[in-house]
Structures are given as C-alpha cells and as structure tokens.
1. Near Asp232, within a Cβ-to-Cβ distance under 11 Å, what is the net charge of the other residues, with Lys and Arg +1 and Asp and Glu -1?
2. If I stretch the segment between Arg193 and Glu376 completely, what's the gain in nm (0.36 nm per residue apart, minus their alpha carbon distance), one decimal?
3. Express the accessible area of segment 107-153 per residue in Å², computed with a 1.4 Å probe while the remaining protein chains stay in the model.
4. Quick check: net charge around Thr316, other residues with Cβ under 11 Å of its Cβ, Lys/Arg +1 and Asp/Glu -1?
5. Amide H neighbours of Asp211 under 5 Å, at least 5 residues apart or on other chains, H built in the peptide plane: list them.
6. Where does the charge balance sit around Ala432 when Lys and Arg score +1, Asp and Glu -1, over other residues with C-beta under 9 Å from its C-beta?
7. Please list, in order along segment 270-275, the HN-Hα scalar couplings obtained from phi with the Karplus expression 6.51 cos²θ - 1.76 cosθ + 1.60 (θ = phi - 60°), rounded to whole Hz, x for Gly and Pro.
8. With θ set to phi - 60° and the Karplus curve 6.51 cos²θ - 1.76 cosθ + 1.60, what are the ³J(HN,Hα) couplings of segment 92-109 in order, to the nearest whole Hz, using x for Gly and Pro?
Amino acid sequence: MSPRSGTDQDFEGIRTFRRDDVIKSRQIIQRSINGTKYSKDQPWYIIIDNKVYDIKEFVPDHPGGAPILTHIGKDATDVFYSFHPESTHDLLANYYVGDIVYEDIISPKGFTKKIRELKVKFTKLGYFKSSKIYYLYKSISTIIIWFISVMILTSFGNSLLGVLTAAAVMALFWQQCGWISHDYLHHQVFENRRYNDWFGCFFGAVCQGFDPCWWKNKHNTHHAAPNVHGQDPDIDTHPILSWSEHALTDLFDPELAREHANAFPQWLTRIMVNNQTINYFPILAFARLSWCAQSILYILPNGQTGSIGDARMPVTLLEQICLALHYVWLFYIFSFIGSWILVFVFVISSQAMCGLLLALCFSLNHNGMKVLNEEETMNTDFYVEQVITGRDVTANSLMGCWFVEWFTGGLNYQIEHHIFPTMPRHYYHKIAPIIESLCAEYNVHYHKTTFIDGTLEVFNRLGQVSHANKKMN
C-alpha cells in the first residue's frame, strides 16, 4: 500500500478527514474506559501514512491484542511499522475508510525523519538480522543454568544450604529465560515469526512459567505507550507502588476514585503510598508469583476478555500445554528435595529471588523517568516518547559493561530497544552512540546512568510521590 495525498480533488469518491475528527474517536475510547457507554456505531479511527482506518471491527481479531487501543485517534504510523511485517499491509487495507485532507497531511521531519532514515540505514547494514550462533549460545547457556540447579538439588537436596543454593541458581535461570524469551517474542531472532513464537513459548511458558500471549498483551502495550498514565500496564501498579502524582489523583480525587477500582480502603492506601520506599524490595520479591498467577488466570476460559472490544490476545492450546509442562517439571524436581519443609524453602526463596532479579532490571528501564498524561502523549512524537521515558544503564569498565548487559539481557540499552524493538540485542551497543548523538542534536533528553545510581533514582521518585501524598493528607 503506497501513501497517497487523499484529497477529494485527487481521488474522487474517497472520503477525507480532518485530524480533529480522528481525535474525537480517541475521546470516545477514553470515556468508555472510564465507564461511559458509547454507541456501537461510533468509529475507532487510527492514522497510518496519512490514511485513515476504522479498526473497531478488527480489534477483537487483532493478533497483537490490546496495544492497538493505545493509538485510537492518533497517528499510529511509527508504532505500526515498529511492530508489524510488510505482510500486515494487505490486512490493514480491509479497514481503510479515507485519507487525511491535504492541509492536515503531516510529513516526517526533524527527529522522527532521522530515526526513520536510521532504520533504513541499519537495515542495509544487516542490523535487523540476528546472529544465529549468538542466540544458540544464549539458549544453550540458559538451559545449562537450569541443569546446574537440578544437579545441586540431586546432590544436596537434604541440606538447607544446598536447597538455598539451588534456589538461587533456579532464580537466575528464570531471570535469563525472561530475557531470551523476550528476544524471541519480539521476533528478533528468526525471519519466520512462527519459529520465534515456538522458541518464545518454550523459554517463556515451559521454562519460566509465563504465558506468551499474556506477556505480549502486557509488554507490547507498554511499548506502544511507555510511561503513559492510564495506558502503560507497567506503571499501573498503584496503590502498591505509585509512580506519579497522576496515580495519586486516581486514588484520592473524589471524582476519579469512583472510576478506578481500588481493593484497599483509603486509610490503608495512604499508608502504602507513604511507606512505598520501605516496602519496595519486599514487594519486588512477590513480583514473579504475581506474574505467574496472572498467566494462569489469562489462559483460563474467558481469561482473555478485555475491558473494551475484547482486545486481548487469544491463547492457543499449545501455550496452555506448555504452561502446564512448566509445573510438571517444577513439581517433579521437588522429589529431589529431602523434606516438605525444604520444598517450601526452595519454592519461596527461588520465587522471591527471581522476583528481585527480574523486577530490579524492569524498574531501571522506566521507573523514575517522566510519566506522561493523556494531553502530553497526544502532543509528543512517538520516537521522542520512547526516549524521554527510558533509561539506559552503563558501567565504568569493560568488564562492568559486559556484566550489566548479560545481567539485564541487553535491556540496559532500553532506549535503543524501544526505538527498534525487533533489532537483535547484540547490535544495540553499536547504535547507542548514534542515537545518543542524534538526541543531543535535536535536544531530546537521553538519560543513561549506572545500575546503582539508576536504582537510587527509582527510590528518589518513590519518595517524591510519597511526599506529595503526605502533603495531600
């Protein structure tokens, strides 16, 4: 599908739209999210290449799930090309309803234009083609971590020290499975997306215990609207952890509080927010248990029903079987442990340690960075949004850089990953200086720090929100 100018004069019979008319469909979605009824006849418009599509009928069948909802009433050109292969264009054509009027046509310029040009350049350089040897090494080395944990259990399963050591190694295995499945499910490894999904299902469901469709639905929505209040599920954690004053408004404003479900009474909510810096690490320890539970709920009948348009990814039988296999092998290795008390120690310690290992890295990616509200995201370029809400993590030595990259699964290059999510991780170190230089040229805030300083920034932000909450009391 090639872009067209789309004026009535150029294409007789083709409907034309003002951008303001498209934005109105977003306002309808926002009202329906907040509980307001809407007419089934009202369209859900998105703009791609200055062409307008009504995707309302497509939402329940969208293979990517909920992320599509984040760009209703917006220009979705860059987010569309970030996630979809060329073959998607033919499917998209079925929902074409018209063009943006000539005077409202927007051509890429400045930072966005340069990023698009870089994508073409990096494609020609082969940066979107993975090293299969690299990913073979990553896959095998990850499985070896599991093997080491099981061997420790078989040899020392009768001792507390042996069980705790095996639990720590198993926690590391699950963390590394998170990174490798992340790469497969972002389609970074194989040109054939089905192969990526199969390997992602193995490492994500069988090994780690997370359902791939649950993860894609959540994670891709985060990519489409990073740190956007009310849209990014990764910061929709209040009152357990509140990352912005916007969250406080949801919790305590008399008008908005009725629209945002809160399972905790107001007095307990205030205590939780006031003490969230103290509770931070204990909460992270429960992260993996929470994600496992959410995955199980997701694969159950009706577990994929969304709040609007049933816009969640449907689960396949293969995923359900793979997730069941995770618990088969997990319960089987309990037979290597000397007593049920030690089994309990293994389960709790491995889950808690993995929660900390995963969540510490996740928090560094975006937490403590700028949180956008609805008005700000409507006025912020997609690529700029990816940069200003992310944080790169580096180290002061070559060995330190290698360790940080291994420990975080390459997500220490969070900004580069968000700009080019399908680029294999082993190229990010090459493009990072280019992206940083481009951001400086266009005065786009590019933030990088060390692991420790980044963690302190996260703590500082939690403290700022707690302080703001105390002032509201």
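1. Working: positive: Lys218; negative: Asp234, Asp236, Glu385.
Within the 11 Å Cβ shell, the charges total -2.
2. Numbers: separation 183, 0.36 × 183 = 65.88 nm, distance 3.40 nm.
Separation in residues times 0.36 nm, less the Cα-Cα distance, equals 62.5 nm.
3. On the way: 2800 Å² over 47 residues.
Value returned for segment 107-153: 59 Å² of accessible area per residue.
4. On the way: positive: none; negative: Asp197, Asp211, Glu319.
Result for the neighbourhood of Thr316: -3.
5. Here the answer is Ser295, since their amide H atoms fall under 5 Å of that of Asp211.
6. Details: positive: Lys430, Lys448; negative: Asp392, Glu416, Glu436.
Result for the neighbourhood of Ala432: -1.
7. So the Karplus estimates, Gly and Pro as x, are 5, 5, 5, 5, 5, 10 Hz.
8. 4, 4, 5, 10, 5, 10, x, 10, 6, 4, 4, 6, 9, 5, 10, 9, x, 8
The values are calculated or read from the model by the stated rules, or taken from the named source; none is laboratory data. What you are looking at is a predicted structure, and each value in this text was computed from that prediction instead of being measured. Note that each Cβ is placed from the backbone with ideal geometry, even for glycine, and that neighbours are counted across all protein chains shown. When the accessible area is computed, the model is the full protein with side chains, heavy atoms only, and any ligands, DNA or RNA have been set aside. Shrake-Rupley method; radii C 1.70, N 1.55, O 1.52, S 1.80 Å.
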